[in-house]
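Student: Could you have a look at this structure, given as structure tokens, before my questions?
Derivation of every value follows stated rules applied to the coordinates shown; laboratory data play no part. Bear in mind the structure is a predicted one, so any value in this text is a computation, not a measurement. No Cβ is skipped: glycine too gets one built from the backbone with ideal geometry, and neighbour counts run over all protein chains shown.
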Ligand code: NAD
Ligand code: MG
């Protein structure tokens, strides 16, 4: 239809989804919205349907889908409403959408994101959990079906921008890359006295100093599990061995990550912390688009600081490195246990410091296996959730 690129957003009501719609709206001459999806926020998705007129809207929750269908019918809006996991996968493969933004949080995004890869789409990947769970499978599908994978995570988008364009074909070493340096702010508790960590609340954990994000990734940033997941994500995205990836704490979140080359050069990508920059980059690549983001004022940048990560403060980071080394389904087990523990913390069932303990105990009880297919990954995800649930119950605060 009139040459515009069709885009589907999986998880359109979330933080990344809303930022994506903002960029698309600024460039409605180039892009059009084909499908929007959400879990159960009927009101949010209804309003997005009014503003962005997609062909399809999907609610993962079937009752919510029925309510949305009714509201759109009453308003006379011709949007086809799909439901459930099947509806999410249908949205991911629609022929009219060449691009799919994968912005569902957690394991719930895995199957529709894989479906988009299988359908040969340009996959804009925010849903890092999908790659952590199913790295080898995911990357094989991208290659086998001629799909494109563009990172939305700000660090990986930065690394992608700092690597030479042919790095995927040559490999990192032939491209002269020595190390990938993933930066992380250290989150809201970087300097909090350690003895106060057990008492922090979900509100404090979600108050990230530099980024406004969904609640799950905000807690992951506070434990630095987010950086651990990102190290695993980087290994798969850039075919990098773990030893070639280093985490650097950079509290100002101005440098989004760096690539160090053999000759001593370090290329960094900088910008204000606003996810519309990586989103616009991935939508336009290899061109550039105005993202609506304010530009850096170097005269006003006070200073940029860097430190090594503190594993005693951030045990989740260590657990993620260990899971990466173990390989197979262990990263999926780590991810599942973390999702359960973070939700229990947000529900005030366990303390902040219990998150790492639940993940560690789950990893001790469930051993990973070689990844021979999706079923093995989903089985181990389910086993890990059951075990994490027991560990959470054992720690649940009695209030
Ligand atoms: P969010 O919680 O704000 O939004 C999540 C979206 O997923 C919502 O639209 C929600 O309806 C949908 N969703 C949640 N559970 C679902 C389920 N079971 N089935 C179907 N849909 C479901 O999250 P977010 O901050 O936008 O993050 C989304 C993803 O992007 C995460 O994987 C996160 O790690 C990654 N990411 C986010 C940021 C950021 O700045 N927010 C940055 C980098 C990476
Ligand atoms: Mg990130």
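Student: Could you sort the peptides 234-243, 274-283 by per-residue average Cβ neighbour count (10 Å cutoff), highest mean leading?
Tutor: Most protected by this proxy first, the peptides run 274-283, 234-243.
Student: Across the chain, what fraction of all alpha-carbon pairs, as a whole percent, falls in each successive 10 Å bin from zero upward?
Tutor: Pairs per bin, as whole percents: 5, 23, 33, 27, 11, 1, 0.
Student: Further question: For a protection proxy built on the mean count of beta-carbon atoms within 10 angstrom, sort 256-266, 295-305 highest first, please. Each step should come with its number before you reach the end.
Tutor: Working: 256-266: 16.6, 295-305: 8.5.
So the peptides 256-266, 295-305, ranked by packing, come out 256-266, 295-305.
Student: Sticking with this structure for a sec: Return the Rg/Rh ratio of the range 167-270 with Cα-based radii and a Kirkwood Rh.
Tutor: Details: Rg = 15.7 Å, Rh = 15.0 Å.
With Rg and the Kirkwood Rh in hand, the quotient comes to 1.05.
Student: Then there is this: Helix-derived [θ] at 222 nm for the chain: sum -39500 (n - 2.57) over DSSP H runs of at least 4, divide by residue count, nearest 500?
Tutor: Working: 16 runs with 183 residues, N = 399.
Taking each H run of at least 4 residues, the total per residue is -14000 deg cm²/dmol.
Student: Let me ask something else. What do you get for Rg/Rh over the range 306-396 if you use C-alpha atoms and the Kirkwood form of Rh?
Tutor: Over the Cα atoms of the range 306-396, Rg/Rh equals 1.00.
Student: Below 8 Å between Cα atoms, with a sequence gap of 6+, how large is the relative contact order for the range 5-151 in percent?
Tutor: After rounding, I find 22 percent.
Student: Sort 181-189, 138-146 for me by packing, meaning the mean count of neighbouring Cβ atoms within 10 Å per residue, highest on top.
Tutor: Top to bottom by mean Cβ count within 10 Å: 181-189, 138-146.
Student: Could I get the Rg over Rh figure for the range 5-151? Both from C-alpha atoms, Rh via Kirkwood, rounded to two places.
Tutor: 0.96
Student: Remind me, relative contact order of the range 316-399 in percent, using alpha carbon pairs under 8 angstrom and six or more residues apart?
Tutor: Numbers: 103 pairs, mean separation 32.6, N = 84.
RCO, the range 316-399: 39 percent.
Student: Follow-up question, since we're still on this one. Averaged over all directions, how much area does the convex hull of the C-alpha atoms of the range 24-77 cover when projected, in nm²?
Tutor: Orientation-averaged projected area of the Cα hull: 3.6 nm².
Student: Okay, next question. Counting pairs of alpha carbon atoms under 8 Å apart in space and at least six apart in sequence, what relative contact order in percent does the chain give?
Tutor: 14 percent
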